[in-house]
Structure formats: C-alpha cells, structure tokens
Amino acid sequence: MKIRVETYDGYRAGERPLRFHIGAKKREVMEVLDRWFGEDHDYFKVIADDRGVYVLRYNRSEESWELTQYRAAGAGQESIKEGRAGTQDLLN
C-alpha cells in the first residue's frame with residue numbers, strides 16, 4: 001500500500017521516518033525498532049502513536065514509500081497483515 005511519509009533529513013535525505021499518512025489518517029512515529037537496507041529499498045520497523053507496529057519500505061529509485069506490514073497494538077505474531085491484506089482496517 002502506497003503511503004506518504006515525512007522524514008528527518010540528517011546526514012542524508014530520508015534518514016528516518018517521523019510520521020506517515022495512510023489515507024486521511026496521520027501516524028506519528030514514536031520509536032524506530034529496526035532498520036535495514038536492501039539493494040534498492042530501505043526498511044523501517046516502527047511503533048506509531050496508535051501503538052501499532054509498522055514496516056515501512058522506501059524505494060530509492062522511485063522515491064516512494066509503501067506500508068509492507070502492520071500489527072495492531074497488543075496483537076500476537078499471527079495477526080501480522082502483509083501487503084494489501086487487512087489494509088482496509090487501517091483506513092477506518
């Protein structure tokens with residue numbers, strides 16, 4: 001799911017996400033739990049202000065962001081929603 005992300009630009013542009021928009025909803029990033037870098041993408045596992053855990057992917061060549069995984073606050077591993085599955089829940 002494509003999303004809009006506002007980033008902190010430190011030693012490089014898009015160093016880390018500060019907040020992101022899913023439809024009309026805005027989520028503040030409370031903590032970056034993990035980050036890793038692929039050949040073409042940067043990934044950020046974050047906790048947002050709704051206490052949900054999100055994995056955000058930045059496509060460097062297209063300069064675009066996607067939500068790749070989501071887990072609601074208090075949910076176990078079995079409730080991780082990937083890709084398009086469950087994204088309607090995020091918009092409501």
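The values are calculated or read from the model by the stated rules, or taken from the named source; none is laboratory data. Model, not experiment: these values are computed from the prediction. Reconstructed Cβ throughout: ideal geometry from the backbone, glycine too, with neighbour counts over all protein chains shown. With ligands, DNA and RNA removed, areas are computed over all heavy atoms of the protein, side chains included. Shrake-Rupley method; radii C 1.70, N 1.55, O 1.52, S 1.80 Å.
Structure values in brief
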{"item": "Where a residue in the stretch 16-31 is under 21 Å from residue 60 (Cβ atoms) and its partner, wherever it lies, is outside any strand (DSSP E or B) and modelled with pLDDT of 95 or more, with Cβ under 9 Å and at least six apart", "result": "19/49; 29/49"}
{"item": "Matching residues, the stretch 33-70, being free of Cβ contacts under 8 Å to residues at least 40 places away in the same chain, among the aliphatic types (A, V, I, L, M) and either surrounded by 14 or more Cβ atoms within 10 Å (Cβ to Cβ) or in a loop (DSSP other than H, G, I, E, B) (or both)", "result": "46, 47, 48, 53, 55"}
{"item": "Scan of the stretch 27-41 for residues that are at pLDDT below 95 and charged (D, E, K, R), ordered by number", "result": "39, 40"}
{"item": "Tally, over the stretch 11-32, of residues that are open to solvent by 40 Å² or more (accessible area, probe 1.4 Å) and in a loop (DSSP other than H, G, I, E, B)", "result": "5"}
{"item": "Residue check, residue 83 within 13 Å of residue 2 (Cα to Cα), open to solvent by 30 Å² or more (accessible area, probe 1.4 Å) and at pLDDT below 95", "result": "yes"}
{"item": "Residue satisfying condition, being in contact with a His (Cβ under 6 Å, 6 or more places away or on another chain) and at pLDDT 95 or above, within set 4, 19", "result": "4"}
{"item": "Top-ranked residue of the stretch 1-57 - restricted to ones that are closer than 17 Å to residue 68 by Cα and among the aromatic types (Phe, Trp, Tyr), ranked as nearest to the chain's Cα centre (by Cα)", "result": "54"}
